[in-house]
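Asker: Below you will find the structure I want to go over with you.
We did not get these values from a lab; they are worked out from the coordinates using the rules stated. Every value quoted in this text rests on a predicted model; they were computed, and no experiment measured them. Here the Cβ positions follow ideal geometry from the backbone for every residue, glycine too, while neighbour counts run over all protein chains shown.
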Amino acid sequence: MKKQAMSIRQIQDEWKKLDFEMQYNKPNIEGPYPPEIVRRRELLLIAQVYLANVMYAKAQKDKQRERFETEMYSRIMEMYYQLE
């Protein structure tokens, strides 16, 4: 499964999705989060790292690294959405 490099607009859209998931799509739970919610939050943090790496690789014009980071970001987000 080979992903195409993301455009700047796509990257901005992905940041918006991540921001929404982290800031607004929170479970309404009193006390500690259950393990499945913790796992989903961890995946969002990992996704942020990969998306930042995509931006860095794009700025450095490193196409190979950009494709790799894009692929990793996509896989993390697939895992995230499968946990719903």
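Asker: Starting at the first residue of region 57-67, write each ³J(HN,Hα) from the Karplus equation 6.51 cos²θ - 1.76 cosθ + 1.60 with θ = phi - 60°, in whole Hz, x for Gly and Pro.
Answerer: Listing the rounded values in order: 4, 4, 5, 7, 6, 9, 5, 5, 5, 4, 5 Hz.
Asker: Now, a different point. Return P(r) of the chain (all Cα-Cα pairs; 5 Å bins starting at 0; whole %; ordered from short to long distances).
Answerer: 3, 15, 25, 23, 15, 9, 6, 3, 1, 0
Asker: Find, among the trypsin sites (Lys or Arg not before Pro) in the chain, those assigned to loop by DSSP (not H, G, I, E, B) with at most 11 other beta-carbon atoms within 10 angstrom.
Answerer: Lys2, Lys61
Asker: Taking the chain, how many lysine pairs are there with alpha carbons less than 26 Å apart, if each pair must be eight or more places apart or span two chains?
Answerer: Within the chain, the lysine pair count is 18.
Asker: Which whole-Hz ³J(HN,Hα) couplings does region 41-52 yield from phi under the Karplus relation 6.51 cos²θ - 1.76 cosθ + 1.60, θ = phi - 60°, glycine and proline marked x?
Answerer: My calculation for region 41-52 gives 5, 4, 4, 5, 5, 5, 4, 4, 5, 5, 5, 5 Hz in order.
Asker: Alpha carbon centre of region 1-50 versus region 58-84: separation in Å?
Answerer: 12 Å
Asker: Next question. With only alpha-carbon pairs counted, each pair once and no self-pairs, how large is the Kirkwood hydrodynamic radius of region 1-49 in angstroms?
Answerer: Numbers: mean 1/r = 0.0800 Å⁻¹.
Over region 1-49, the inverse of the mean reciprocal pair distance is 12.5 Å.
Asker: Also, I was wondering about something else. Looking only at Met55, Met22, Met72, which one moves most when the chain is put into a Gaussian network model with springs between Cα atoms under 10 Å?
Answerer: Most flexible of the set in this elastic network: Met22.
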